[in-house]
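Note sheet for the following structure.
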Amino acid sequence: CQKTTVDLKTPTKLGIRLGLGMDYLPPADGLALTEGYLRVTGIELSGTREVGEPFVFERQFPDGLRVPFDALGALEDLTFDVPRGNYKQLVAVLEVEAQPAQPTLWLVGNYAWTRPVVANAVVQAQWRRAFRFEVDLLATSGNRQLDEQASQPQLLFQPYAWFVDTDATKWDRAYYFTTMQGRAMPINAQDNNDLFTAADRVLGDLLTTQW
């Protein structure tokens with residue numbers, strides 16, 4: 001039979017996306033976390049193939065690159081020309097430098113009280129500290145062939161798992177304020193610190209990848 005060969009010299013496109021995974025149940029029935037972004041200041045992508053030399057690519061974004069969760073497509077700045085081949089390891093590292101003037105991680109959602117029934121509040125969780133997220137893109141799928149077809153793996157954060165140590169009682173008693181647009185529930189180092197601290201301890205521990 002004729003043996004099929006893989007072109008190892010011509011690169012292929014690999015774009016990194018971010019998303020919010022829903023692998024865990026909300027800690028309170030009225031909680032829904034739906035969107036947000038991460039302000040990335042650097043990315044490193046390294047790969048090892050069965051055949052071919054390993055590589056490391058790096059990019060820096062001194063002003064911060066705002067990367068939305070659940071983007072339909074990878075941003076051009078997070079898209080790389082990588083060698084084709086059968087990959088044994090593919091690791092992405094996201095660096096986030098502290099930026100006191102603006103959030104480094106922003107998460108938005110909604111909270112609906114059930115007892116008593118009152119108007120919903122917009123949840124606005126934000127962090128301003130530095131982060132370093134590292135994930136093996138092949139941890140769950142094993143070896144993966146990258147060929148001429150572009151790939152856009154998605155790094156999934158698990159926001160409901162961040163708040164696993166909270167419950168409906170804490171959310172029902174959380175501080176909120178009222179604006180012209182309605183109720184807002186801030187979660188940060190100053191406001192609702194118990195919710196913030198619960199999430200801050202574990203938010204980088206449960207990154208997964210979806211191809």
>> Given contacts defined as C-alpha pairs under 8 Å and at least six residues apart, what's the relative contact order of the stretch 85-149, whole-number percent?
In response: 48
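Mind giving me the FRET efficiency for A112 and Q210? R0 is 41 Å, r the Cβ-Cβ distance, nearest 0.05 is fine.
Working: r = 28 Å, r/R0 = 0.68.
With a Förster radius of 41 Å, E is 0.90.
Just the number please: accessible area per residue for the stretch 46-102, 1.4 Å probe, all protein chains included, in Å². Mind dumping the intermediate values first?
Working: 3220 Å² over 57 residues.
About 56 Å² of surface per residue is accessible.
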> Could you state the per residue volume, in Å³, of the convex hull enclosing the Cα atoms of the stretch 27-93?
Replying inline: 136
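How compact is the stretch 43-158 by the rule of thumb for globular proteins, expressed as Cα Rg over 2.2 N^0.38 Å? Before the final figure, lay out the partial values.
Numbers: Rg = 18.3 Å, N = 116, 2.2 N^0.38 = 13.4 Å.
Taking N as the residue count of the stretch 43-158, the ratio is 1.37.
Note down the magnitude of the dipole of the chain about its Cα centre, charges +1 on Lys and Arg C-beta and -1 on Asp and Glu C-beta and zero elsewhere, to the nearest 20 debye. The partial results should precede the final answer.
On the way: 19 positive and 26 negative charges, 32 e Å.
Using only the charged Cβ atoms, the result is roughly 160 debye.
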> For the pair K13 and D172, how long in nm is the line joining their label points, each one 7 Å along Cα→Cβ?
Replying inline: 5.1
> Between Q99, Q149, Q89, which gets the highest mean-square fluctuation from a Gaussian network model of the chain, Cα cutoff 10 Å?
Replying inline: Q149
>> I need the P(r) histogram for the stretch 118-211: all alpha carbon pairs, bin width 10 Å from 0 out to the longest distance, whole percents.
In response: 13, 36, 25, 17, 8, 1
> Accessible area of D172, 1.4 Å probe, to the nearest 10 Å²?
Replying inline: 50
> Under a Cβ-Cβ cut-off of 12 Å, what is the net charge of the residues other than E134 that fall near it, where Lys and Arg count +1 and Asp and Glu count -1?
Replying inline: -3
> For the chain, modelled as a GNM with alpha-carbon contacts under 10 angstrom, which of V51, V108, V135 fluctuates the most?
Replying inline: V51
> Just one of (1) 1.14; (2) 1.06; (3) 0.93 is Rg/Rh (Cα atoms, Kirkwood Rh) calculated from these coordinates, so which is it?
Replying inline: (2)
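Which whole-number percent is the relative contact order of the stretch 15-70 (Cα, under 8 Å, 6+ apart)?
Values: 67 pairs, mean separation 25.2, N = 56.
Dividing the mean separation by the residue count of the stretch 15-70 yields 45 percent.
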>> Solvent-accessible area of K88, probe 1.4 Å, all protein chains present, reported in Å² to the nearest ten, please.
In response: 110
> If you roll a 1.4 Å probe over the chain with all protein chains in place, what percent of the accessible area is carbon or sulfur?
Replying inline: 48
>> Heavy atoms of the protein only, probe of 1.4 Å, neighbouring chains included. What is the accessible area of W106 in Å², nearest 10?
In response: 60
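The values are calculated or read from the model by the stated rules, or taken from the named source; none is laboratory data. Since this is a predicted model, take the numbers as computed values, not measurements. Neighbour counts run over all protein chains shown; Cβ positions are idealised from the backbone, glycine included. Surface areas here come from the heavy atoms of the whole protein model, side chains and all, with no ligands, DNA or RNA. Shrake-Rupley method; radii C 1.70, N 1.55, O 1.52, S 1.80 Å.
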